[in-house]
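Participant: First the structure, which I've put down as structure tokens, then a few questions once you've had a look.
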């Protein structure tokens, strides 16, 4: 813009970002191909601000990250929150849901009547 003689401040760029950012993000989401119907769910432990937190993530079988939820607990409610967001936000209904050996997934899938899609993976030491 400076080459064309237009003086733009940082505040102007910030206002443009606030105004046009959501529109651009919406268009990019529409262009994204739909995810695979085979989902892999997992969680890990990390420290955020000195507190133990559990990022729960959902990935399709092609490696595309579908969703990420950070929780303070590893229980059925946290797994249920991730699954409900997944089912609400994804355009594809799952054919198979692969998880690690955590029992919270089985309980959450049971309450959503999706236990027949559950494919628990055996953990190795």
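The values are calculated or read from the model by the stated rules, or taken from the named source; none is laboratory data. Predicted model, so just to flag it, every value in this text is computed and none were measured. Every residue, glycine among them, receives a Cβ derived from its backbone with ideal geometry; neighbour counts consider all protein chains shown.
Participant: Looking at (1) modelled with pLDDT of 90 or more; (2) surrounded by fewer than 17 Cβ atoms within 10 Å (Cβ to Cβ), which one does residue 30 not meet, given that it meets all the others?
Facilitator: The one condition residue 30 does not meet is (1).
Matching residues to (1) surrounded by 10 or more Cβ atoms within 10 Å (Cβ to Cβ); (2) in the same structural domain as residue 95 (by TED's automatic domain parsing); (3) more than 24 Å from residue 93 (Cβ to Cβ):
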position	(1), (2), (3)
19	no, no, yes
42	yes, yes, no
72	yes, yes, yes
81	yes, yes, no
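Participant: Residue 52 - would you say it is more than 14 Å from the chain's Cα centre (by Cα) and in a loop (DSSP other than H, G, I, E, B)?
Facilitator: On the way: more than 14 Å from the chain's Cα centre (by Cα): yes; in a loop (DSSP other than H, G, I, E, B): no.
No, not satisfied.
Participant: Can you tell me how many residues in the stretch 1-46 are part of a loop (DSSP other than H, G, I, E, B) and within 27 Å of residue 70 (Cβ to Cβ)? Show your work before the answer.
Facilitator: Just the residues of the stretch 1-46 that are part of a loop (DSSP other than H, G, I, E, B), to begin with: 1, 5-9, 32-37, 44-45.
Checking the rest, the ones that are also within 27 Å of residue 70 (Cβ to Cβ) come to 32-37, 44-45.
The number of residues fulfilling the criteria is 8.
Participant: Hey, another quick one. Scan (1) touching a helix residue (DSSP H, G or I) at 6+ places or on another chain (Cβ under 6 Å); (2) over 28 Å from residue 51 (Cα atoms); (3) surrounded by fewer than 17 Cβ atoms within 10 Å (Cβ to Cβ) for the single condition residue 114 breaks and write down its number.
Facilitator: (1)
Participant: Same structure, new question: Among the residues of the stretch 83-104, which ones are crowded, with 17+ Cβ neighbours inside 10 Å, out of contact with any helix residue (DSSP H, G or I) (no Cβ under 8 Å at 6 or more places or on another chain) and assigned to a helix (DSSP H, G or I)?
Facilitator: 86
Participant: If I ask for residues that are surrounded by 14 or more Cβ atoms within 10 Å (Cβ to Cβ) and either at pLDDT 90 or above or in contact with a helix residue (DSSP H, G or I) (Cβ under 6 Å, 6 or more places away or on another chain) (or both), which ones from the stretch 61-70 would you list? Don't jump to the end; show me each part of the working.
Facilitator: Residues of the stretch 61-70 that are surrounded by 14 or more Cβ atoms within 10 Å (Cβ to Cβ), as a first pass: 61, 66-67, 69.
Within the stretch 61-70, 67, 69 meet the criteria.
Participant: Does residue 63 qualify as being assigned to a loop (DSSP other than H, G, I, E, B) and either closer than 26 Å to residue 29 by Cβ or touching a strand residue (DSSP E or B) at 6+ places or on another chain (Cβ under 9 Å) (or both)?
Facilitator: Working: assigned to a loop (DSSP other than H, G, I, E, B): yes; either closer than 26 Å to residue 29 by Cβ or touching a strand residue (DSSP E or B) at 6+ places or on another chain (Cβ under 9 Å) (or both): yes.
So residue 63 fits the description; yes.
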